[in-house]
1. Anything in region 65-107 that is charged (D, E, K, R), at negative phi and either open to solvent by 70 Å² or more (accessible area, probe 1.4 Å) or without any contact (Cβ under 8 Å) to a residue 12 or more places away in the chain (or both)? List them, or say none.
2. Test Ala128 against the stated conditions and say whether it is of a type in the set (A, V, I, L, M) and either in contact (Cβ under 8 Å) with a residue 60 or more places away in the chain or open to solvent by less than 50 Å² (accessible area, probe 1.4 Å) (or both).
3. Name the helices (runs of 4 or more DSSP H) wholly inside region 115-215 in which the number of residues that are under 25 Å from Ser12 (Cβ atoms) is 2 or more.
4. Condition check: touching a residue at least 24 places away in the same chain (Cβ under 8 Å) and either closer than 22 Å to Tyr192 by Cβ or open to solvent by less than 60 Å² (accessible area, probe 1.4 Å) (or both). Does Leu146 satisfy that?
5. Consider Lys70 against the criteria (1) among the charged types (D, E, K, R); (2) at pLDDT 95 or above; (3) over 30 Å from Ser12 (Cα atoms): it satisfies all of them except one. Which criterion is unmet?
6. Here are some residues: Leu89, Leu111, Leu166, Leu190. Which one is under 18 Å from the mean Cα position of the chain (by Cα) and either closer than 21 Å to Pro38 by Cα or of a type in the set (Phe, Trp, Tyr) (or both)?
7. Please determine, by comparing only the residues of region 99-157 that are more than 16 Å from Phe78 (Cα to Cα) and basic (Lys, Arg), which one is modelled with the lowest pLDDT.
8. Sort through Phe176, Phe161 and tell me the only one that's surrounded by 12 or more Cβ atoms within 10 Å (Cβ to Cβ) and under 29 Å from Asn88 (Cα atoms).
Amino acid sequence: MIRRAPFYKILSAIHVVFFTSILCFGVICLSGTLLLLPALGAVFRVGKDFLYDELDVTNSIVALFFRYLKKALHLERFFPVSLMVLLNLLGIWAGTRMEKVLYSLACMVILALLLTLALYIAGYDTFAGEARSVADVVVAMFLKPLSVVTILIVMILCIYFFSGTLAAILLFMGTFFLFVIEVVIFITMLYYLKMTDQLDEADKYAHLVNGKRRK
């Protein structure tokens, strides 16, 4: 475990957010969203290292991101999710061009659902192990339905109010928001691990679901 002073951790967080945001945004956009899940998986793995004080920023964050991206490529087994994200993005664009408001809104809601699912897939893979199917992820995510609804609303708002300004914010600090969402999903996964008797009682954060802090 790597222990750092609070000020150093703040500077490290800024450094990590800046570089991972550019890398994640770039991978998703350049792949046409087809590498959405591996990119999210890579970001979540970096976030996990930060949560457990195992992230050494003296090493290259760029190299670490691409190493984790490679490890997360198995998430392409859920490629239909990424493909549907792309199709609904095109649907929103087409609906806007043809001034079909209801069609665009329907695509926005579906896209928000898909993005929420993608985030939980990345979270499940990072904290609970490799998912065998989307059903495994859905069971885990609905252990905390309020968290799912909250993330879904955030996704809907981001899509509805998306603009050049928001794109610039996501480019340079998008993973800050992803890390916040990751913490919410992480807690859900702790409950899932506890429910399935897979939770390590020695885990640093086991007290969040056990109700008592580990000494």
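1. Arg67, Lys70, Lys71, Arg77, Arg97, Lys100
2. yes
3. 164-195, 207-210
4. Considered against the rule, which asks whether it is touching a residue at least 24 places away in the same chain (Cβ under 8 Å) and either closer than 22 Å to Tyr192 by Cβ or open to solvent by less than 60 Å² (accessible area, probe 1.4 Å) (or both), Leu146 comes out as no.
5. (3)
6. Leu111
7. Here the answer is Lys100.
8. Every option except Phe176 fails the conditions.
The values are calculated or read from the model by the stated rules, or taken from the named source; none is laboratory data. Bear in mind the structure is a predicted one, so any value in this text is a computation, not a measurement. Ideal geometry is used to build each Cβ from the backbone, glycine not excepted, and the neighbour counts take in all protein chains shown. Surface accessibility is based on the protein's heavy atoms, side chains included, excluding ligands, DNA and RNA. Shrake-Rupley method; radii C 1.70, N 1.55, O 1.52, S 1.80 Å.
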